[in-house]
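The values are calculated or read from the model by the stated rules, or taken from the named source; none is laboratory data. Given the structure is predicted, the values throughout are model-derived calculations rather than measurements. All Cβ positions, glycine included, derive from the backbone under ideal geometry; neighbour counts span all protein chains shown. Side chains included, ligands, DNA and RNA excluded: accessible areas come from the protein's heavy atoms. Shrake-Rupley method; radii C 1.70, N 1.55, O 1.52, S 1.80 Å.
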Amino acid sequence: MRIAYLDCFSGISGDMFLGALIDAGVPARLLEDPVAALNIGASLQISKVTRSGISATKVDVLASDALAEAVTHEHSHHTHDHEHGHSHSHSHDEKHGHSHEHTRGLKEIREIISRSAISESAKTTAISIFEALGAAEAKIHDMEIEKVHFHEVGAVDALVDIMCAAVGAEALGVDEIVCSSLNVGGGTVKCAHGTLPVPAPATVELLKGASVYSSGVQAELVTPTGAAIVKTLVKRFGAFPEMKIEKSGYGAGSRDFPGHANVLRLTIGEAQTQLAAKTLQETISVLEANLDDMNPQVFGYVLDRLLEEGALDVFGLPVQMKKNRPGMLLTVLCRQEDVSKLTDLIFKETTTLGVREREEKRRVLARKWIMVGTRWGNIRLKVASMNGTVTNYAPEYEDCRKIAAANHVPLKSVMQEAMQGYLSSEEQKQ
C-alpha cells in the first residue's frame with residue numbers, strides 16, 4: 001500500500017504544499033499547464049531556497065494587475081502577509097487608492113474550477129476544498145454557505161493553490177495521506193475586522209478533529225487554505241508510519257525563522273506491515289465506564305459529544321449490574337493522544353465514578369474518500385479495499401443528511417443517487 005506522510009512541524013499553507021509536491025517529484029508542468037489554461041493571467045514561479053539550512057522548493061503565484069482587479073476585493077480578511085506567503089497582492093487596493101466591490105461566491109468558484117483543464121476527480125477535490133473553506137466562514141459569520149463571498153480564499157493565489165493541490169495530490173498516486181500533528185503557531189494577527197488570535201477562527205473551525213499544538217513560534221503557521229487542504233485530503237493523523245521510503249520533498253514558507261526550519265516535508269513510500277497489502281495495523285485506546293443511574297436522554301448526548309471531540313467510535317451495551325440494576329456499558333475507541341480529553345468529558349458528563357483504560361491493536365481495511373456528484377451537490381463516499389480490490393463502499397451519512405434536509409428530499413434518495421454516481425464512475429474506468 002502506497003502512502004504519503006505530511007510532516008507539519010512548521011504548519012502548512014497552500015504554497016508550501018505545492019512546493020513539497022514538486023520537490024517530491026510531481027512534474028512542475030503538471031501544475032503549470034492547468035494554471036495557464038485558465039487564461040486569467042496567473043502563473044507559477046518556482047525556485048529553490050534554503051530554510052535554516054534545508055534546501056526546499058518555493059512556489060509563488062504571480063498574477064497580473066488586470067487579473068487582481070477582476071478577482072481581488074480585500075484579497076484577504078487577514079490584511080497581514082501570511083507567514084508562509086501570498087504577499088504579492090495583499091495591497092493591490094491600497095496601491096490604487098480604492099476598493100473593489102467584486103467578490104467571488106462559491107457558485108462562481110465552482111464554475112471556474114469546472115471549466116479548468118484538470119481531471120474530473122481533481123475538479124471534485126478542488127471544489128471540496130473550497131466548500132470546506134466556505135462552510136468554516138459561514139459558521140463563523142453565521143450565514144448560509146452560498147452567501148459567503150470569498151476575500152482571501154477567493155483571490156487568485158488561493159484559487160491556483162487549491163486547484164494545483166488537487167492535481168498534485170492525485171499525481172502522487174498514493175492510497176492514503178497521513179498527517180502529523182500540526183504546529184499552528186501563536187500570537188495574534190491584524191485583519192480587516194481587527195486583531196485576531198492565531199490560529200485564525202476559520203483555521204480553528206477547519207482543524208476540528210485534527211491533532212494540533214503550538215511550539216511557541218509567534219506567527220501564523222497554518223493558514224486557512226492549508227487547513228482546508230488537510231481537512232479534505234487527510235483522513236488520519238499520527239506519528240511517522242512504518243514505511244519503506246521512496247522519496248521525500250520540502251516545501252518552503254516565505255519567512256526564514258532563526259533556528260526553525262520553515263518547511264513542510266512530504267514523504268512517500270510503501271507501508272511496511274505484515275499485512276500491508278491487505279490491512280493497516282494501529283494501536284488505539286479503549287475507554288469503558290459502567291452507568292446505572294443516568295438519564296437515558298443524557299446518554300445519547302454524551303455519545304454525540306464524544307464523537308465531536310474526536311472519538312473514533314462510541315457505543316453502549318445493556319448490562320445487568322450489582323443489585324440486579326439494569327445499566328449501560330459505555331465504550332469509547334480513540335487515539336492515544338485523545339485519552340485524557342475524552343476521559344475528562346466522561347467524568348464531567350456522566351455519573352460514573354471510574355473509567356477503565358486499555359490499549360488494543362486493530363487492523364483496518366485500506367480506506368479512502370472520493371467525491372461523487374449528485375443533482376443536489378457533492379457527497380463524500382468512503383471506499384474500503386483489500387489487495388487493491390474494493391470490498392466496501394458507502395456514502396458519508398452526514399453529507400447525505402445535510403443535503404436531504406437542505407433540499408427537502410428523502411435521505412434514502414440522496415444516498416441511492418450517491419451510490420449510483422459511484423458505480424457509474426467505476427464502470428467508466430473499466
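Each Cα pair under 8 Å and six or more residues apart adds its separation to the average, and for the range 255-350 the resulting relative contact order is 31 percent.
Largest accessible area first, the listed residues Asp157, Asp23, Asp304 line up as Asp304, Asp23, Asp157 when surface is computed with a 1.4 Å probe on the assembled protein chains. When a 1.4 Å probe is rolled over the protein heavy atoms, the share of accessible surface on the range 299-407 that falls to carbon and sulfur comes to 50 percent. In this simple spin-label model, placing a label point 7 Å from the Cα along the Cα-to-Cβ direction at both Tyr397 and Lys322 gives a separation of 3.5 nm. Straightening the chain between Arg29 and Gln416 buys 135.4 nm, computed as 0.36 nm per residue apart minus the Cα-Cα spacing. By the Stokes-Einstein formula, at 0.692 mPa s and 37 °C, the range 155-287 with its Kirkwood radius over alpha-carbon pairs has D equal to 195 µm²/s. At a probe radius of 1.4 angstrom, the accessible area of the range 254-393 per residue rounds to 56 square angstrom.
On the principal axes of its alpha carbon atoms, the range 150-229 extends 41, 29, 19 Å, with the longest extent given first. The simple spin-label model puts a point 7 Å past each Cα toward its Cβ; for Glu359 and Lys48 those points are separated by 4.2 nm. Taking amide H atoms as placed 1.01 Å from N in the peptide plane, the amide H of Cys191 lies under 5 Å from those of Thr79, Leu196, each 5 or more residues away in sequence or on another chain. Each of the peptides 138-144, 169-175, 230-236 was scored by the mean count of other Cβ atoms within 10 Å over its residues; in descending order, highest first, they stand as 230-236, 169-175, 138-144. Distance between the 7 Å Cα→Cβ label points at His141 and Leu329: 5.0 nm.
Counted by Cβ distance under 15 Å from Thr50, the other residues give a net charge of +3, where Lys and Arg count +1 and Asp and Glu count -1. Counting every C-alpha pair in the range 1-58, the share spaced more than 18 angstrom apart comes to 42%. Of interest is the spacing of the C-alpha centroids, which for the range 169-247 and the range 323-337 amounts to 32 Å. In the range 357-430, the convex hull through the Cα atoms has an average projected area of 6.8 nm², a quarter of its surface area. Taken over the range 270-386, the ratio of Cα radius of gyration to 2.2 N^0.38 Å equals 1.33. Computed from backbone phi, the HN-Hα couplings of the range 50-63 come to 10, 10, 6, x, 9, 6, 9, 9, 10, 10, 10, 9, 9, 9 Hz, rounded to whole numbers (Karplus: 6.51 cos²θ - 1.76 cosθ + 1.60, θ = phi - 60°; Gly and Pro given as x).
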